[in-house]
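Values in this text are rule-based calculations from the coordinates and carry no lab data. Not measured: the values here are computed from a predicted model. Positions of Cβ are backbone-derived with ideal geometry, glycine not excepted, and every protein chain shown enters the neighbour counts.
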Amino acid sequence: MVARVDRVLREKLGLPDGLADGRVVVLDPCCGTGAFLVEVLHRIAGTLREKGEEALLAHEIKRAAMERVFGFELLTAPFVVAHLQIGALIQQLGGDFAKNERAGIYLTNALTGWEPPSKPKTFLFPEFKEEIDAADHVKRDTRILVILGNPPYNGFAGIAIGEERRLTTAYRDPIDPRLARPQGQGLNELYVRFYRMAERRIINQTNKGLVCFISNYSWLDGLSHPVMRERFLSEFDEITIDCLNGDKYRTGKVTPEGKPDPSVFSTESNREGIQVGTAIALLLRSQSHNAPATVYFRDLWGTAKHAELALEAQTGNTAHHQSIAPKLDLGLIFRPTNTSADYISWPLLTELFPVSFPGIKTSRDSVVVDIDRDRLEARMKMYFDPKVSFDELNKIMPEATSTTGGFDAKNIRSYLLGRGYTSEYIWKYLYRPFDVRWLYWEQKAKLLDRARTEARVHHTQDNLWLEARQNSQWKPLIEAM
Ligand SMILES: C[S@@+](CC[C@H](N)C(=O)[O-])C[C@H]1O[C@@H](n2cnc3c(N)ncnc32)[C@H](O)[C@@H]1O
């Protein structure tokens with residue numbers, strides 16, 4: 001990634017020394033232990049060596065680490081390691097930080113603090129204030145040209161508030177009203193906030209530069225991300241995607257030829273790496289901005305992709321990317337599509353199936369699901385037995401007595417005790433493919449989860465149905481008895 005960034009700076013932004021140009025300010029907003037920052041400094045050192053500036057190397061690299069190669073990190077442990085790594089690199093080159101000097105790596109939340117606060121902050125320790133002031137100075141006053149990194153992978157980061165919330169607001173309303181609006185929860189993923197923070201910083205403050213992230217690749221074609229893609233097309237000039245696949249959910253970590261396709265983050269001790277598929281995206285904004293951006297895409301598959309990328313970083317020869325033209329009707333997806341030309345004129349599923357409703361979701365599986373019908377029946381009868389107190393039940397089936405959001409365990413039990421056990425609610429149930437189980441599908445209370453009565457009426461012995469889903473993930477189906 002760092003080699004690619006260096007090349008793009010030279011070839012597309014008119015900076016012949018690339019990262020070694022003293023005007024290039026770099027930020028890794030989620031720098032962890034500092035791997036990217038160290039690589040950036042190595043790259044700068046390489047260029048300076050090529051230029052015969054060996055004598056000043058330690059001084060120049062230290063200056064870069066202090067003044068223009070910045071990192072943000074939220075956690076103290078990786079933050080400390082990142083400082084150690086930069087310090088070690090400078091020592092290797094024969095330099096050292098003086099007492100009042102430090103690398104430009106700050107302990108801060110990268111997603112906030114980009115706007116001045118409405119009221120002054122108060123601090124328990126003056127050191128915190130110094131740290132935050134220094135980070136805020138980078139956020140607000142520095143002309144950052146390159147933002148690169150590996151944003152965190154927390155699937156669902158929770159509902160953002162305040163400044164963080166406003167970050168993803170920009171990805172909610174389409175510029176073109178014909179574009180599909182975002183669906184689902186994908187915009188709540190933490191990495192999306194990092195993209196927006198980086199995009200906003202490069203576009204609004206520097207007005208040229210590049211963002212290069214390796215992240216979850218769900219944004220390339222996700223139903224939650226059409227507006228994010230629309231913005232990127234209008235704000236950047238060139239978007240280059242290296243799709244690294246390795247997705248447990250979409251492909252089962254198997255190549256189209258059926259060979260192993262581990263994540264690019266796989267290691268000897270963790271051969272599969274992380275679960276989600278990943279992609280490297282390089283988004284370039286040039287001074288003479290020309291929208292919409294051209295999108296280039298390539299797939300990398302299999303066990304050799306890491307080595308392929310490493311070789312490309314050394315040689316500078318990147319294999320061919322294909323240019324793709326994202327289509328508005330398909331949600332501007334950033335992947336090649338192999339749909340037929342008239343695909344868009346086909347009837348929509350919602351026209352063919354005018355009525356739709358959510359299917360069943362099982363919660364409390366240890367209570368309401370079993371492979372053995374008699375065992376399930378005995379357990380449910382125990383649940384409905386007024387002689388079994390709530391406390392006793394808690395010891396036998398704790399899931400039935402634990403209150404969770406939307407499930408008031410005590411109230412539901414007392415209501416159901418009044419109503420009594422209903423044998424017709426036991427159903428044969430396809431829990432997973434080829435995994436038939438039995439289910440107590442309570443209809444009057446949320447024992448299962450939501451009762452889903454609208455789905456239940458279709459589960460009869462003689463009914464067949466087709467089920468359509470938005471993605472390929474398998475969820476339980478109900479089989480009629
Ligand atoms: C996938 S890791 C990046 C690893 C990194 N490239 C390295 O060399 O170690 C993501 C990092 O982002 C940090 N992080 C998560 N949320 C953050 C935030 N809001 N601001 C700054 N850092 C954050 C995590 O603590 C974690 O270290």
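Laid out as a table, the results:
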{"read-out": "Whole-number D in µm² s⁻¹ for the chain, Kirkwood Cα-pair radius fed into Stokes-Einstein, 25 °C, 0.890 mPa s", "value": "94 µm²/s"}
{"read-out": "10 Å Cβ shell holding at most 11 others, DSSP loop, chymotrypsin sites (Phe, Trp or Tyr not before Pro): longest site-free stretch of the chain", "value": "157-433"}
{"read-out": "Within segment 352-478: Cβ-based charge dipole about Cα centre, in debye rounded to nearest 20 (Lys, Arg +1; Asp, Glu -1)", "value": "200 debye"}
{"read-out": "Loop-exposed GluC sites (Glu not before Pro) per DSSP, neighbour cap 14 Cβ within 10 angstrom, longest uninterrupted part of the chain", "value": "269-466"}
{"read-out": "Set of lysines with alpha-carbon distance to Lys99 below 17 Å, sequence-local pairs under 8 removed", "value": "Lys62"}
{"read-out": "Rounded to the nearest 20 debye, dipole of the chain from Cβ charges on Lys, Arg, Asp, Glu", "value": "920 debye"}
{"read-out": "Distance violations [Cα-Cα > 20 Å] among Lys253/Lys361; Lys395/Lys444; Lys381/Lys446", "value": "Lys253/Lys361; Lys395/Lys444"}
{"read-out": "Extreme residue, positive dipole direction of segment 352-478, given options Gly405, Pro386, Val457 (C-beta unit charges)", "value": "Gly405"}
{"read-out": "Cα-centred dipole magnitude for segment 1-113, charges only on beta-carbon of K, R (+1) and D, E (-1), debye, nearest 20", "value": "140 debye"}
{"read-out": "Label-zone membership for segment 55-89, site Asn100, 7 angstrom Cα→C-beta point, backbone N under 18 Å", "value": "63, 66-67"}
{"read-out": "Positive-end extreme of charge dipole, the chain - chosen from Thr350, Val146, Asn100 (charges on Cβ)", "value": "Thr350"}
{"read-out": "Dipole of the chain, positive direction: furthest Cα of Gly418, His320, Gly273, with charges on the beta-carbon", "value": "Gly418"}
{"read-out": "Estimated 222 nm signal from helices in the chain, with DSSP H stretches of n ≥ 4 weighted -39500 (n - 2.57), rounded to 500", "value": "-9500 deg cm²/dmol"}
{"read-out": "Sequence-separation-based contact order of segment 2-330, relative, with Cα cut under 8 Å and 6+ spacing, percent", "value": "15 percent"}
{"read-out": "Segment 270-326: trypsin sites (Lys or Arg not before Pro) in DSSP loop, at most 13 other beta carbons within 10 Å", "value": "Arg271"}
